[in-house]
Amino acid sequence: MVDATFEDGAERPVHVSAIDAEDLKIVSAMVQDAVFPMTEMRWERGARRFALLLNRFRWEDRAAAERRGRPYERVQSLLIFEDVLHVASQGIDRTETDTVLSLLSLEFEPGEDGAGRLHLVLAGDGAIALDVECINATLRDVTRPYIAPSGHVPDHGA
C-alpha cells in the first residue's frame, strides 16, 4: 500500500497493486460489493488494459467507523488490469447501457507460465473473464470518501 494523502492530508487514499494470486485476494476483499455502471468499463485492446471506475465500500475503514460511531463510507476507485489478451462477458446484456453491475469477487484460474484467466464475478450470475499474461492489477481511490447513501454496511445474510 502506498503511503499517500489527498492534498489537504485529510484522508489516505488506497493504492494497492496485485502481482500474484495472494495479492489479488486482498484486492478482491476491498472491491467486494462495489458497483459500477456498464458505461464505466473499458477495454483498451491496443494497450492490453481493462479498467473499471467503481464505487466501493471502504471495508478497510469499517471497524474504525464502528468504534468511533461514524457513518460508513464509500469511495470511487479505479481498478485497472494490465497485460490483458482477451475480454469476454457472460450474463450481461450489453445493450442495456444504463445497467449498474455489482462486483462480488475477483478470482484467478491459473494457466501456463503465470498466464491465466481472471474472473470478475458479478451479482445475478454475470461474469467478466479476462485472459491475462500475468496478474497485474491496481486499485486506486480517485475521490474522497463520502457517506454511504444507505448509511449501512452491505449485508450478506450473516
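The values are calculated or read from the model by the stated rules, or taken from the named source; none is laboratory data. Please read all numbers here as calculations on a predicted model, not as lab measurements. For neighbour counting, all protein chains shown are included, and Cβ atoms are generated from backbone atoms with ideal geometry for every residue, glycine included. We work out accessible area using only protein heavy atoms, side chains counted, and drop any ligands, DNA or RNA first. Shrake-Rupley method; radii C 1.70, N 1.55, O 1.52, S 1.80 Å.
A few remarks follow.
- The numbered conditions (1) touching a residue at least 40 places away in the same chain (Cβ under 8 Å); (2) of a type outside the set (A, V, I, L, M, F, W, C); (3) surrounded by 15 or more Cβ atoms within 10 Å (Cβ to Cβ) are all true for residue 40 except (1).
- Top-ranked residue of region 96-119 - restricted to ones that are part of a strand (DSSP E or B) and without any contact (Cβ under 8 Å) to a residue 60 or more places away in the chain, ranked as least open to solvent (accessible area, probe 1.4 Å): 116
- Region 14-71, residues that are under 15 Å from residue 147 (Cα atoms), touching a strand residue (DSSP E or B) at 6+ places or on another chain (Cβ under 8 Å) and of a type in the set (Phe, Trp, Tyr): 57
- Residue tally, condition assigned to a loop (DSSP other than H, G, I, E, B) and either within 22 Å of residue 14 (Cβ to Cβ) or open to solvent by less than 30 Å² (accessible area, probe 1.4 Å) (or both), over region 135-156: 14
- Verdict on residue 92 being aliphatic (A, V, I, L, M), part of a strand (DSSP E or B), in contact (Cβ under 8 Å) with a residue 40 or more places away in the chain and at negative phi: no
- Residue match in region 88-95 (condition: crowded, with 16+ Cβ neighbours inside 10 Å, in contact with a Lys or Arg (Cβ under 6 Å, 6 or more places away or on another chain), modelled with pLDDT of 85 or more and of a type outside the set (Lys, Arg)): no
- Residues in region 53-71 that are outside any strand (DSSP E or B) and open to solvent by 40 Å² or more (accessible area, probe 1.4 Å): 59, 60, 62, 63, 66, 67, 68, 69, 70, 71.
- Number of the condition not met by residue 74 [criteria: (1) in a helix (DSSP H, G or I); (2) surrounded by 15 or more Cβ atoms within 10 Å (Cβ to Cβ); (3) charged (D, E, K, R)]: (1)
- Test: residue in region 3-15 that is part of a strand (DSSP E or B) and either in contact with a Gly (Cβ under 6 Å, 6 or more places away or on another chain) or open to solvent by less than 80 Å² (accessible area, probe 1.4 Å) (or both): yes
- With respect to the stated conditions, residue 122 fails to be in contact (Cβ under 8 Å) with a residue 60 or more places away in the chain, buried (at least 18 other Cβ atoms within 10 Å of the Cβ) and farther than 19 Å from residue 14 by Cβ.
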